[in-house]
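Quick notes on the structure that follows.
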Amino acid sequence: MTPGETLAATGVDARAAGPGDAVAGVTPRWVTLPETTGEAALVMRAAAEHGLAVVPAGGGTKLSWGYAPARCDLLLDTRRLNRVLEHEAGDLVVRVQAGITISALAAALGEAGQQLALDVPAGEATVGGVLATATAGPRRLRHGTARDLLIGITVVLADGTIARSGGKVVKNVAGYDLGKLFTGSLGTLGVITEATFRLHPLPASRAWVTAASPDPRVLTAVAALAGSQLEPSALELDRPDARGPVTVAALFEGVAAAERAKAAAGLLGEGSAISSGPPAWWGRLPGEEPADRQEEAASLGDRSPAERPMESSPGDRALEERVARSGGFLLELRVPPASAGRALAAVARAGDDAGGLPVHVRGSAASCVLYLAPPLDTSPGAAEIFVTSLRTEVARDGGRLVVWTAPPEAAARLDRFGPVGAAALMRRVKERFDPEGRMSPGRLAGAPPAGSGM
């Protein structure tokens with residue numbers, strides 16, 4: 001049988017791919033839409049039979065992240081894997097299929113006064129996509145990242161094997177912690193089909209305190225606040241120009257949130273303002289998504305990413321989502337928290353080296369995971385100078401710079417990931433899980449497809 005006939009014989013809904021199904025500019029031949037883990041396994045076995053390269057996809061909000069796949073024969077769309085399988089409210093645990101959207105999950109958990117404490121900017125992003133890209137928002141400071149909240153996972157490997165770890169059923173693959181390996185894997189190891197998470201109660205109250213300062217030394221006060229007994233849930237910064245003023249916002253949740261915010265305002269100094277809602281650039285948290293946005297996310301159904309409506313008023317969208325949707329530059333900078341001030345100074349100097357780029361910086365002021373957005377019209381040469389200069393400087397503090405998205409001409413000249421210290425280990429893991437190199441080949445640095453000679 002031909003590959004198309006073998007896919008059809010699985011009984012899983014499949015169709016020919018179109019331009020709207022492209023992954024970072026690479027268009028697949030087929031799209032399949034499984035509804036269960038078993039169906040996903042059937043698809044993967046059919047793909048293995050014909051040596052098809054497979055790219056898993058969820059909401060499509062970050063399909064442009066990282067390198068384009070070396071090839072993509074089959075797009076495995078998870079958006080029909082969209083059910084809550086178990087919700088043990090008394091134990092604060094939920095098990096879901098990987099294609100459920102973050103907004104739909106938030107609505108379901110909210111009915112029980114609970115939440116998955118991951119602040120994902122795109123409501124149409126799926127659970128599987130959030131895990132595959134290791135997405136975590138402002139409250140990572142208090143609640144941790146996706147990897148921290150994940151307690152169980154089910155995956156389908158390249159040959160169609162179903163593997164589980166954690167949660168109620170433990171079936172590890174040769175002792176690997178599947179949850180940790182698959183979080184941040186960009187679909188290069190297999191397909192995530194189910195996940196079990198630890199939940200948190202929705203807070204009874206929230207309060208924000210915001211402070212603007214012309215001097216980045218305000219980060220000294222931020223460090224003191226992060227280590228204080230006031231227990232902020234998040235500490236974020238926004239700097240539209242790398243040499244401009246810095247705005248810092250702190251979130252407090254739960255008991256005495258307003259009182260703790262008032263005390264934090266004293267630490268942040270004059271000009272601090274307390275509010276019951278976040279600054280416009282922060283975005284929304286679980287439990288705050290308006291009903292019309294939930295309905296919009298649900299109505300997206302099986303539309304391809306290219307068919308989805310663009311946000312008309314992006315002021316309250318997270319920087320990383322807006323830039324990715326525009327096709328512009330998005331860089332992620334991680335440095336030790338003690339180096340936050342030096343990191344901001346390094347961004348400004350690298351912008352000067354590149355001809356005076358006004359780089360927008362936003363992200364965690366405490367954990368120091370920062371997103372950088374050079375202007376969309378930055379030339380490829382200037383982008384290369386900026387990345388090289390900044391990467392060299394932050395490396396002295398143990399920092400790392402990743403280029404997640406860039407316009408095509410610039411992307412062709414940029415080293416997306418820079419030096420990867422764990423490249424050899426990543427290669428061995430890739431060879432263990434995907435020896436033929438068919439899962440999202442070439443998308444993740446350090447894990448090239450087997451037999452590529454890289």
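Here are some notes:
- Checked against the criteria, ALA346 does not count as outside any strand (DSSP E or B), at pLDDT 95 or above, aliphatic (A, V, I, L, M) and closer than 18 Å to GLY327 by Cα.
Every residue, every condition in (1) touching a Lys or Arg at 6+ places or on another chain (Cβ under 8 Å); (2) of a type in the set (Phe, Trp, Tyr); (3) open to solvent by 40 Å² or more (accessible area, probe 1.4 Å), yes or no:
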{"residue": "MET44", "(1), (2), (3)": "no, no, no"}
{"residue": "GLU49", "(1), (2), (3)": "no, no, yes"}
{"residue": "ARG83", "(1), (2), (3)": "no, no, yes"}
{"residue": "GLU86", "(1), (2), (3)": "yes, no, yes"}
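- Of the residues ASP352, ASP415, the single one that is open to solvent by 10 Å² or more (accessible area, probe 1.4 Å) and part of a helix (DSSP H, G or I) is ASP352.
- Residue, farthest from the chain's Cα centre (by Cα), within region 209-220, restricted to residues that are open to solvent by less than 30 Å² (accessible area, probe 1.4 Å), more than 13 Å from ALA261 (Cα to Cα) and not β-branched (Val, Ile, Thr): SER213
- Within region 181-196, the set of residues being in contact with a Lys or Arg (Cβ under 8 Å, 6 or more places away or on another chain) and over 21 Å from VAL335 (Cα atoms) comprises LEU186, GLY187, THR188, LEU189, GLU194, ALA195, THR196.
- Residue check for PRO56: surrounded by 21 or more Cβ atoms within 10 Å (Cβ to Cβ), out of contact with any Ser or Thr (no Cβ under 7 Å at 6 or more places or on another chain) and of a type outside the set (Ser, Thr, Tyr): no
- Within region 101-118, the set of residues being open to solvent by 10 Å² or more (accessible area, probe 1.4 Å) and in contact with a strand residue (DSSP E or B) (Cβ under 8 Å, 6 or more places away or on another chain) comprises THR101, ILE102, ALA106, ALA108, ALA112, GLY113, GLN114, LEU116.
- The residue of region 143-174 that is surrounded by the fewest Cβ atoms within 10 Å (Cβ to Cβ), among those that are in a loop (DSSP other than H, G, I, E, B) and at pLDDT 95 or above, is THR161.
- Among the residues of region 425-444, those identified as open to solvent by 20 Å² or more (accessible area, probe 1.4 Å) and within 30 Å of VAL347 (Cα to Cα) are MET426, GLY442, LEU444.
- Qualifying residue in region 192-200 (condition: farther than 20 Å from ASP91 by Cα and modelled with pLDDT of 95 or more): yes
- Positions within region 221-252 being assigned to a strand (DSSP E or B) and open to solvent by 10 Å² or more (accessible area, probe 1.4 Å), in sequence order: GLU236, ASP238, ARG239, THR247
The values are calculated or read from the model by the stated rules, or taken from the named source; none is laboratory data. None of the values given here were measured: they were computed from a predicted structure. With ideal geometry, Cβ positions are generated from the backbone for all residues, glycine too; neighbour counts draw on all protein chains shown. The area values use the complete protein model at the heavy-atom level, side chains included, leaving out ligands, DNA and RNA. Shrake-Rupley method; radii C 1.70, N 1.55, O 1.52, S 1.80 Å.
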